[in-house]
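These notes concern the structure reproduced below.
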Amino acid sequence: MLTGDIRNQVDRIWDAFWSGGVSNPLSVIEQITFLLFIKRLDDLHTLEENKSRALAIPMERSIFPKGQDAKGCLYEDMRWSRFKHFEPREMMAVVDEHVFPFLRGLGVEGSSYARHMRDARLGFSSPGLLAKVVEMLDAVPMDDRDTKGDLYEYMLGKIASAGQNGQFRTPRHAIGLMVEMMQPQPQDRICDPAAGTCGFLVAAGEYLREHHPELLRDPKLRRHFHHGLFHGYDFDPTMLRIGAMNMILHGVEDPDVTYRDSLAQEHTEDAGTYSLILANPPFAGSLDYESTAKDLQRIVKTKKTELLFLALFLRLLKIGGRAAVIVPDGVLFGSSKAHQALRRMLVEEHKLDAVIKLPSGVFRPYAGVSTAILCFTKTGVGGTDQVWFYDVQADGYSLDDKRNPLLPAEKLSATPREGLTADEHAKNNLPDVLRRWKDRDGAERERPRTAQSFCVPKTEIAASGTYDLSLNRYREVEHVHVEHDAPADIIRELREIESEISLGLTRLEEMLR
């Protein structure tokens, strides 16, 4: 956890950028990311120097060579530990005219640093601002991995609170629930084809550190953790840099965070290679057939991005691979042939494990769209027996644009540090989702359709021919006499009616399309 002092330091860095004319929150975090990359390179070089000195052996990896660049600047002066002592104008000249060109020319050494600094540019021209930010960043304690990760997460939270770029950031408690449900393993190969800031990959890494500490003591597993376990793709270079830095500050040395237009490029190289997919891809609407990867069109003939992403997940997973992904509600009941074909594929050709309906306010203030989490396993030979449904009515935060926490911090998330009472469960369903998910093959099968969660046999889902997966299709409403002096019950019933109307309107819109 970050202390108040560190939060205040970060806030001051953020305010310094705003005062210096860098007002776009995405630009602020990008510039901070560049500077953190530069600082990290110096830290790595210093680590190699110390090892070389202690063991009396040559340096294995020298990032900053001896001598000077073509413009006459000493490479030694390009190190953070050196230029941080320069006066502002000299620091600006060294960083802007020498450090950034040096970083852009690092080439393809295979490291994340080289890949993501190829087009790096200093985004402001004030020597005073640079000196102030370098001084502030240097004062933030960055020795502890947890502190570094929490610090960057706090800065990423500022992107979300700023509004226009929050679409890149899935709520951390929703990510945490999905990771806990999937239980990543040390031998997994995990992929997020729409990685953004790499929130899913970071959470998976933290889960592995907590539940499988032995992986960092085993040389083979440790190498896999740092170089082969995490794979993230995006087509936004800024997001790639931010996501890579997020992974690095959370202790993953060389994550595979690379450029790819996931829906446009063929996937021959990595088809069937991942054992776990965690994702919340953007659903922009429709793509032209010409710009869509042909291997995806062979799975499902459609231009709709939400269906193409599901086809992509099936393409990338190996047999036995599992996925937890967020989809818009239309995927569950859309009436087009492509919608029905994809649902039939999930139910009949693979193993559909769960449909978890999320409240419509989860992604506010950026979007009020209704969504669900789909959990499935790629088998190629079927395997669906019972599909588990859960209706999440509260996630611990208000469902308006403010998204204020409804409970103390220790009672939020899917794994709260303290147990919840029945009243508190009404404000945070996520621990209950996780608890019931683990019992989906046991007592959950006996729950009535009036409960918050229940199971539906595959035969019933297939009987309609449309493979409708909307929870309200299978839920049975328990009619209870409502007293006039029970306003809470009246409000709850009105909300259920509103939900039914909203669902009907969404279906109507889908049919009209």
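Key figures
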{"item": "Answer residue from region 372-430, given it is part of a helix (DSSP H, G or I) and not aliphatic (A, V, I, L, M) and is surrounded by the fewest Cβ atoms within 10 Å (Cβ to Cβ) among those", "result": "ASP423"}
{"item": "Members of region 1-35 found to be farther than 30 Å from GLU410 by Cβ, of a type outside the set (D, E, K, R) and part of a helix (DSSP H, G or I), listed by number", "result": "ALA16, PHE17, TRP18, SER19, LEU26, SER27, VAL28, GLN31, THR33, PHE34, LEU35"}
{"item": "Residues of region 352-382 satisfying the condition of being at pLDDT 95 or above and out of contact with any Asp or Glu (no Cβ under 8 Å at 6 or more places or on another chain)", "result": "LEU352, ASP353, ALA354, VAL355, ILE356, ILE373, LEU374, LYS378"}
{"item": "Checking ARG417 against (1) touching a residue at least 24 places away in the same chain (Cβ under 8 Å); (2) out of contact with any Ser or Thr (no Cβ under 6 Å at 6 or more places or on another chain); (3) among the basic types (Lys, Arg), the condition it does not meet", "result": "(1)"}
{"item": "Region 290-326 - residue that is of a type in the set (Val, Ile, Thr) and closer than 19 Å to ARG189 by Cβ and, of those, surrounded by the fewest Cβ atoms within 10 Å (Cβ to Cβ)", "result": "ILE319"}
{"item": "Residue selected from region 238-267 under the condition modelled with pLDDT of 85 or more and polar (S, T, N, Q), by the criterion nearest to PHE283 (Cα to Cα)", "result": "THR258"}
{"item": "Residue match in region 49-62 (condition: in contact (Cβ under 8 Å) with a residue 24 or more places away in the chain, surrounded by 13 or more Cβ atoms within 10 Å (Cβ to Cβ) and either in a helix (DSSP H, G or I) or not hydrophobic (A, V, I, L, M, F, W, C) (or both))", "result": "no"}
{"item": "Scan of region 193-217 for residues that are modelled with pLDDT of 95 or more and not in a helix (DSSP H, G or I), ordered by number", "result": "HIS212"}
{"item": "VAL362 closer than 22 Å to ALA451 by Cα and part of a loop (DSSP other than H, G, I, E, B)", "result": "yes"}
{"item": "Residue in region 269-283 that is touching a helix residue (DSSP H, G or I) at 6+ places or on another chain (Cβ under 8 Å), under 30 Å from THR379 (Cβ atoms) and at pLDDT below 85 present", "result": "yes"}
{"item": "Filter result for the condition that a residue is farther than 26 Å from TRP437 by Cα, polar (S, T, N, Q) and crowded, with 20+ Cβ neighbours inside 10 Å, over THR197, THR170", "result": "THR197"}
{"item": "Selection within region 400-428 - of a type in the set (S, T, N, Q) and in contact with a Pro (Cβ under 9 Å, 6 or more places away or on another chain)", "result": "SER413, THR415, ASN428"}
{"item": "Residues (outside any helix (DSSP H, G or I), under 20 Å from VAL202 (Cβ atoms) and modelled with pLDDT of 70 or more) located in region 106-140", "result": "VAL140"}
{"item": "Conditions (1) assigned to a loop (DSSP other than H, G, I, E, B); (2) surrounded by fewer than 21 Cβ atoms within 10 Å (Cβ to Cβ): number failed by VAL252", "result": "(2)"}
{"item": "Out of THR258, THR268, sole residue that is surrounded by fewer than 23 Cβ atoms within 10 Å (Cβ to Cβ) and outside any loop (DSSP other than H, G, I, E, B)", "result": "THR258"}
{"item": "Region 218-248, subset in a loop (DSSP other than H, G, I, E, B) and hydrophobic (A, V, I, L, M, F, W, C), residue farthest from HIS116 (Cα to Cα)", "result": "LEU229"}
{"item": "Residue in region 83-91 that is part of a helix (DSSP H, G or I), at pLDDT 95 or above and crowded, with 18+ Cβ neighbours inside 10 Å present", "result": "yes"}
{"item": "Among (1) more than 12 Å from the chain's Cα centre (by Cα); (2) surrounded by fewer than 22 Cβ atoms within 10 Å (Cβ to Cβ) - the single one ARG241 does not satisfy", "result": "(2)"}
{"item": "Subset of region 307-330 [assigned to a helix (DSSP H, G or I) and either without any contact (Cβ under 8 Å) to a residue 60 or more places away in the chain or not aromatic (Phe, Trp, Tyr) (or both)]", "result": "LEU307, LEU308, LEU310, ALA311, LEU312, LEU314, ARG315, LEU316, GLY330"}
{"item": "Close pairs (6 angstrom Cβ cut-off, 6 or more residues apart or separate chains): closer than 15 Å to LEU471 by Cβ in region 344-373, surrounded by fewer than 18 Cβ atoms within 10 Å (Cβ to Cβ) and of a type in the set (Asp, Glu) anywhere", "result": "none"}
{"item": "Single residue of region 331-359 satisfying the filter (assigned to a loop (DSSP other than H, G, I, E, B) and touching a Ser or Thr at 6+ places or on another chain (Cβ under 6 Å)) that is surrounded by the most Cβ atoms within 10 Å (Cβ to Cβ)", "result": "LEU358"}
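The values are calculated or read from the model by the stated rules, or taken from the named source; none is laboratory data. Fair warning: this is a prediction, and the values are worked out from it, not measured in the lab. All Cβ positions, even for glycine, are placed from backbone atoms using ideal geometry, and neighbour counts span all protein chains on display.
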